[in-house]
Number of protein chains: 2
Amino acid sequence: MKIYEDNNLYIEVEKSEIPWLKIFPIKKFKELSDCDELTREKLFRVMLLIETEMIKYYKPKKVNIAMFGNYLPILHIHVMARFENDSYFPEPMWGKKQRDVKLDLPDFDKFKQGLLRELSQLQ
Amino acid sequence: MKIYEDNNLYIEVEKSEIPWLKIFPIKKFKELSDCDELTREKLFRVMLLIETEMIKYYKPKKVNIAMFGNYLPILHIHVMARFENDSYFPEPMWGKKQRDVKLDLPDFDKFKQGLLRELSQLQ
């Protein structure tokens, strides 16, 4: 689900037990080094902003960031808030499942509103 | 094994079937957003340089980049050259193993020499 879009990039929510956003440049690139510098800077600023907002709002144990794109070679950035008791911690979300849990996290919509407010001030 | 160090960061080789480097800031940070801007910029420049050198030298199917730090909450960046026939592709290196293979890759030492040459010109 897309929650944000501007002239350079858009943000999608990954369906998951944890807060997990994906940032895509509007223009398609395969690798990070294919991306023009201006777009790359904007991707990084938004990546950092999402991390900062996740830390403020969710107080996660750790934030995880990843750029893979092996299935579909289109540059995008995963930003994930990780919790000690989430199903995969301390493994990455792509690793071996560690336990069955139901996380009790603060409301995502409130987080989203705060993030969108911050994003509007980045422009 | 450490292959490079300067005033801001150092680079280690991860033992793996694929070319896999890890970049650590000298100063320890937990999250990317804890890192001062100058160090972060240098980390990103080196991350991009490693990606570019890996693409030139190994012609990988895709470069993967990750910042996790769940086991040890110390900021570092993984940069991995991925190949269609490596043991985990298209899964991340932390994912489910797909096959048993022995990759036939160009000499790592030659790659390292080229990378160190480029790094010396970044300063």
(request) Tell me the distances, shortest first, between residue B:116 and the same position across the other copies, using label points 7 Å along Cα→Cβ, in nm to one decimal. (result) 5.3
(request) Between the label point of residue B:14 and that of the same position in each other copy, find the distances and list them shortest first in nm, with every label point placed 7 Å from Cα along the Cα-to-C-beta direction. (result) 1.5
(message) I'd like the orientation of helix B:37-58 relative to chain B: the angle between its Cα long axis and the longest Cα principal axis, in ° from 0 to 90, rounded to 10.
(response) 20
(message) At 7 angstrom along the Cα-to-beta-carbon line, where would the label on residue B:41 sit relative to the other copies? Give the distances in nm, shortest first.
(response) 1.0
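Relative contact order of chain A: what whole-number percent is it, with Cα pairs under 8 angstrom and at least 6 residues apart? Show your work: numbers first, answer last.
Details: 181 pairs, mean separation 28.5, N = 123.
Relative contact order of chain A: 23 percent.
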(request) Would you calculate a helix-derived [θ] at 222 nm for the protein assembly as shown, using -39,500 (n - 2.57) for each DSSP H run of n ≥ 4 and dividing by the full residue count, to the nearest 500? (result) -10000 deg cm²/dmol
(request) Could you work out how far the C-alpha centroid of the stretch B:9-48 sits from that of the stretch A:55-109, in angstrom? (result) 20
(request) For chain A, just say rounded, prolate or oblate: build the C-alpha gyration tensor, square-root its eigenvalues into a ≥ b ≥ c, call rounded for a/c under 1.5, and beyond that prolate if a/b exceeds b/c, oblate if not. (result) oblate
(request) Just grab the label-to-label distance for residue B:15 and residue A:45, each label 7 Å out from Cα along the Cβ direction, in nm (one decimal). (result) 4.4
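Going by C-beta contacts inside 10 Å, put B:16, B:33 in order with the fewest on the left. If you can, show how the numbers build up before the last one.
On the way: B:16 15, B:33 18.
Least crowded to most crowded, the residues run B:16, B:33.
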(message) Using the crude model of +1 on Lys and Arg Cβ and -1 on Asp and Glu Cβ, and no other charge, please compute the dipole size for chain A relative to its Cα centre, in debye to 20.
(response) 180
(request) May I ask for the angle, rounded to the nearest 10°, between helix A:108-122 and the longest principal axis of chain A, with both axes built from Cα atoms and the value confined to 0 to 90°? (result) 30
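What does the C-alpha gyration tensor say about the overall shape of the protein assembly as shown? Classify as rounded when a/c is under 1.5, otherwise prolate if a/b is larger than b/c, or oblate.
Prolate, since a/c reaches 1.5 and a/b exceeds b/c.
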(request) With θ set to phi - 60°, apply the Karplus curve 6.51 cos²θ - 1.76 cosθ + 1.60 along the stretch B:6-12 and write out the HN-Hα couplings as whole Hz, x wherever there is a Gly or Pro. (result) 9, 6, 10, 7, 9, 10, 10
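Greater than 22 Å separation of Cα atoms is the criterion. Which listed pairs, A:59/A:112; A:22/A:59; A:59/B:22, meet it? Intermediate values should be presented prior to the final figure.
Working: A:59/A:112 15 Å; A:22/A:59 19 Å; A:59/B:22 26 Å.
Violating the 22 Å Cα-Cα cut-off are A:59/B:22.
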(request) Using the number of other C-beta atoms within 10 angstrom as an exposure proxy, rank A:103, A:115, A:38, A:49 with the fewest first. (result) A:38, A:103, A:49, A:115
(message) What lysines does residue B:28 reach when the alpha-carbon gap must be under 18 Å and sequence neighbours fewer than 8 apart in one chain are set aside?
(response) A:61, A:62, B:2, B:42
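Rank the residues A:120, B:87 as a footprinting-exposure proxy: fewest other Cβ atoms within 10 Å of their Cβ go first.
Details: A:120 10, B:87 17.
Fewest-to-most ranking of A:120, B:87: A:120, B:87.
Where a number appears in this text, it was derived from the coordinates with a stated rule and is not lab data. Being a predicted model, the structure only gives us computed values, none of them experimental. Because the Cβ atoms are built from the backbone with ideal geometry, glycine has one as well, and the counts that use them run over all protein chains shown.
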